[in-house]
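The values are calculated or read from the model by the stated rules, or taken from the named source; none is laboratory data. In this text the structure is predicted, and so the values were computed from the model without any measurement. Here the Cβ is made from the backbone with ideal geometry for all residues, glycine too, and neighbour counts use every protein chain on show. For the accessible areas, the whole protein counts, side chains as well, though only heavy atoms, and no ligand, DNA or RNA atoms are used. Shrake-Rupley method; radii C 1.70, N 1.55, O 1.52, S 1.80 Å.
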Amino acid sequence: MATRESMDTLLQQCEDAIRFAQEQFESGRTQEHYNDNEYSNALQSLEAAYNDITQMAHSANSQQREQLHRMRLQLQQLQNQMIILPH
């Protein structure tokens, strides 16, 4: 079973990745990808967070898996929005 501390840490990392990606997404929409490196870094941080969630889910109980699933959906939704944003 995943510890509460490890879950809290992972969820905080995911929220940080989402916050950074949202900033880059908004910036990309208004400035038409003036800073592509930061945009790419944001996508990579979302992907890394997604992979971490997948690994944590293997040792999580059912309640933790549900939390991880909801976070995974948020990550995927933002990742999809960022990918389809025209350059």
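Please work out which one of (1) free of Cβ contacts under 8 Å to residues at least 60 places away in the same chain; (2) more than 16 Å from the chain's Cα centre (by Cα) is the condition Asn41 fails and give its number.
Going through (1) free of Cβ contacts under 8 Å to residues at least 60 places away in the same chain; (2) more than 16 Å from the chain's Cα centre (by Cα) one by one, Asn41 breaks only (2).
Among the numbered criteria (1) in contact (Cβ under 8 Å) with a residue 24 or more places away in the chain; (2) closer than 18 Å to Asp8 by Cβ, which single criterion is violated by Gln81?
All conditions pass for Gln81, except number (2).
I'd like the full set of residues that are in contact with a Leu (Cβ under 6 Å, 6 or more places away or on another chain) and either open to solvent by 60 Å² or more (accessible area, probe 1.4 Å) or among the charged types (D, E, K, R) (or both), limited to region 29-51. Reasoning before the result, please.
Of the residues in region 29-51, the ones in contact with a Leu (Cβ under 6 Å, 6 or more places away or on another chain) are 46, 49-50.
Scanning region 29-51 gives no hits.
Can you find a residue in region 5-28 that is modelled with pLDDT under 95, part of a loop (DSSP other than H, G, I, E, B) and surrounded by 13 or more Cβ atoms within 10 Å (Cβ to Cβ)?
For region 5-28, residues modelled with pLDDT under 95, part of a loop (DSSP other than H, G, I, E, B) and surrounded by 13 or more Cβ atoms within 10 Å (Cβ to Cβ): absent.
Criterion first (at pLDDT 95 or above and exposed (fewer than 15 other Cβ atoms within 10 Å of the Cβ)) does Leu73 satisfy it? Spell out how you get there, then give the answer.
Numbers: at pLDDT 95 or above: yes; exposed (fewer than 15 other Cβ atoms within 10 Å of the Cβ): yes.
The answer is yes for Leu73.
Does any residue in region 1-25 that is closer than 14 Å to Gln55 by Cα come within less than 7 Å, Cβ to Cβ, of a residue that is β-branched (Val, Ile, Thr) and assigned to a helix (DSSP H, G or I) six or more places away or on a different chain, and which pairs are these?
Leu10/Ile53; Cys14/Ile53
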